[in-house]
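Right, one structure below, let's go through it.
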Amino acid sequence: MKSQNNLGNTIEAGQLAAVIEEFAPIFTQEEWDNSGFSVGGANRRVKKGLIALNCTLEVVKEAVEKNCDIIITHHPLIVHTPLMNILDGDLRSEAVALAIKNDITIYSSHTPLDKAIGGLNTIMAQKMGIKKPKELVKGGFGAYGKLPKSLTGKELIAEVKKVFNVKNIRCSKPLATKISILAVSSGGGQGSISDALNVGAQALITGDVTHHRFYTPDGFMVIDIGHHESEWSATTLLESLIKRKFPEFSLQISKSDLSPICYF
Ligand SMILES: [Zn+2]
């Protein structure tokens, strides 16, 4: 590690990444994922960080306004669809261009943060009172375990709304029978419904559930709290990981990163 003399309160971006990767190793990322640095790099010296769930153009603008020189997010700026050109008028291109123009480094921990022990799925399960969540899908996605108290579908819905601070949820027909084993999957986890059934769960909480997946078998229900809502805890998790190691590093959570979905 280089001496920080004459460099003020700056730190190497790679040191921040190392703290996150110690908790959520980068090699655990899915093949299609693009966690890690997407703009700038590990050798950049940074002094102020902005944490968000998504690296949107609004978030980059917020970083510029707040003089932040590193953005740390859960969702990578460039993932799924390759960025073939950087053109005006395209939101993702403009986010990249604005970050480069302002010497902002961008780092993301996506699937590693989902899968880590103590990561997003563990947090979701623990929020619901599950003491020792187990892995739902081999490889680390999702979690499940026993609720502290069995709940009917409607009781579970009320609890979920309170715990995740959501006004609206979408779900399949609320079970009249008691739910004791609950599964969770952060983000878009409807692909885990069969895994939830296999482990004997009576309900799955996730986001991004599409029409057909609401046709659930008897004795099972699916609850969609929203992708954003199910993963917002990534921000406080990333903040606490960094603060634990670098308590002096200036860090804040984005105010502009809101769910893109509006409910009326
Ligand atoms: Zn996500």
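Residues whose amide H comes within less than 5 Å of that of LEU251, counting only those at least five positions distant or on another chain, are GLY49 (H built at 1.01 Å from N in the peptide plane).
First check a/c for region 117-224, with a ≥ b ≥ c the square roots of the eigenvalues of its C-alpha gyration tensor; if it is under 1.5, answer rounded, and if not, answer prolate when a/b is larger than b/c or oblate otherwise. Judged from the Cα gyration tensor, region 117-224 comes out rounded (a/c under 1.5). Put the Cα centre of region 209-231 next to the Cα centre of region 132-169 and the gap is 12 Å.
Among TRP232, TRP32, the order by Cβ neighbours within 10 angstrom, fewest to most, reads TRP32, TRP232. Mind checking which lysines have their C-alpha under 26 Å from LYS48, skipping anything on the same chain fewer than 8 residues away? List returned: LYS2, LYS61, LYS66, LYS101, LYS243, LYS245, LYS255.
Close amide H pairs (under 5 Å, H built 1.01 Å from N) link LYS178 with no residue at least 5 positions away or on another chain.
Amide hydrogen proximity for ALA203: with H placed 1.01 Å from N in the peptide plane, the residues at 5 or more positions away or on another chain lying under 5 Å are ALA183, MET221. Our coupling estimate for region 96-105, obtained by passing each phi through the Karplus curve with A = 6.51, B = -1.76, C = 1.60 and θ = phi - 60°, is 4, 4, 5, 5, 5, 4, 9, 6, 9, 8 Hz, Gly and Pro reported as x.
Per-residue extension of 0.36 nm, minus the Cα-Cα distance of LEU87 and GLU239, leaves a gain of 51.5 nm for this segment. For region 243-256, backbone phi angles converted through the Karplus equation (6.51, -1.76, 1.60; θ = phi - 60°) give residue-by-residue couplings of 4, 4, 8, 10, x, 7, 5, 6, 8, 9, 9, 4, 9, 9 Hz, Gly and Pro being listed as x. The magnitude of the dipole of region 1-136, with charges of +1 and -1 set on the Cβ of Lys/Arg and Asp/Glu and taken from the Cα centre, is near 560 debye.
Using 0.36 nm per residue and subtracting the Cα-Cα separation, the extra length available between THR177 and THR152 on full extension is 8.4 nm.
Couplings 3J(HN,Hα) for region 180-188, derived from phi with the Karplus relation 6.51 cos²θ - 1.76 cosθ + 1.60 (θ = phi - 60°), are 10, 9, 10, 10, 9, 8, 5, x, x Hz, where x marks Gly and Pro.
In summary, the lysines within cross-link reach of LYS115, defined as a Cα separation below 18 angstrom excluding same-chain residues under 8 places away, comprise LYS127, LYS131, LYS132, LYS134, LYS138. By the count of other C-beta atoms within 10 Å, a proxy for reagent exposure, CYS68, CYS55, CYS171 are ordered fewest to most as CYS171, CYS68, CYS55. The three principal axes of the C-alpha atoms in region 166-264 carry coordinate ranges of 53, 33, 22 Å, sorted with the longest axis first. About its Cα centre, the dipole of the chain is roughly 1000 debye, where the only charges are +1 on Lys and Arg Cβ and -1 on Asp and Glu Cβ. Between ASP208 and LYS131, the simple spin-label model (points 7 angstrom out along Cα→Cβ) gives 3.4 nm. Between the listed residues ALA63, ILE11, VAL96, the Cα displaced farthest toward the positive end of the dipole of region 1-122, a dipole computed from Cβ unit charges relative to the Cα centre, is found at ILE11. Each of VAL209, VAL199, VAL59 was scored by other Cβ atoms within 10 Å of its Cβ. Listed from fewest to most, they are VAL199, VAL209, VAL59.
Give me the net charge for the shell around TYR144: Cβ to Cβ below 10 angstrom, other residues only, Lys and Arg +1, Asp and Glu -1. Within the 10 Å Cβ shell, the charges total 0.
Bear in mind that the values in this text are calculations on the coordinates, not laboratory data. Just so you know, these numbers come straight off a predicted model, no measurement behind them. Every residue, glycine as well, gets a Cβ built from its backbone with ideal geometry; the counts of neighbours run over all protein chains shown.
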